[in-house]
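Coordinate-derived values only; no laboratory data. Keep in mind the model is a prediction, meaning the values are calculated, not measured. Quick reminder, even Gly has a Cβ in these numbers, built from the backbone with ideal geometry, and neighbours come from all protein chains shown.
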């Protein structure tokens, strides 16, 4: 990655703006450091990305983790990365356990990898994300087709484990990637749950949605723990079924059960 032009360096000691060629701040004499934020780094990665199928605005908005090299030839001299509150970084080196870095100004040049070593730093923008998931075409015990929507908070509890088990390749990891990854886990839980539920003539209330939320919280948590993830709050759950009007192709979804604001009696957008 080319770090040039990503920011105007600011002296960490006196706060005055310096320039990259300066080795020392001309105002106070302290060593000049170019401190880069997540937003500046993601802008640089998107500019270099060859992925023409994902709009840069969407990638920037949904990005959760960045990966860039710590090689000696990566133009790291005089640069540092700002790991802010609520963020983490993971240093990955050859034949060494990943190292988790807490919020701080982390110098890149002083931590460059030895020649020939493929070392990387992963910067985590945030450690939790609220995901919106919709699972269509499930069957109840009746059987009737149902669609389930839910909003759940996913936490990256162990960034080192997540880096080695999930985000193993690529420069940018987004909330879309995380949603796609966890979709199969949620789909199986919902499918198993609905096979025991009778939807026909069900009185609309929150009981079925509450039971499903308890299942998601319990089973999903244990299924994703080994990947460094944790389920936080499952905020909204709704279950919909097409209305029987003799023509299933023209059926409209009606609400069966809802907890929170994820659905409505007349349908959803």
Open item on the list: Using Cβ counts within 10 Å as a stand-in for footprinting exposure, how do 37, 140, 196 rank, fewest first?
Closed with: 196, 37, 140
Open item on the list: Can you give me the distance in nm between label points at residue 102 and residue 198, each placed 7 Å from the Cα along the Cα-to-Cβ direction?
Closed with: 5.6
Task: Relative contact order, percent, the range 128-259 [alpha-carbon distance under 8 Å, six or more residues apart] - done: 33
Open item on the list: Counting other beta carbons within 10 Å of each residue's own, what order do 173, 27 fall into, fewest first?
Closed with: 27, 173
TODO: Beta carbons within 10 angstrom, averaged per residue: use that to sort the peptides 142-148, 216-222, highest first.
DONE: 142-148, 216-222
Open item on the list: Can you sort 192, 236, 34 from fewest to most other Cβ atoms within 10 Å of each residue's own Cβ?
Closed with: 192, 236, 34
Open item on the list: What's the whole-number percent of alpha carbon pairs in the range 128-259 lying beyond 19 angstrom?
Closed with: 50
Open item on the list: At R0 = 30 Å, how high is the FRET efficiency between residue 169 and residue 130 if r is their beta carbon distance? Nearest 0.05 is fine.
Closed with: 0.75
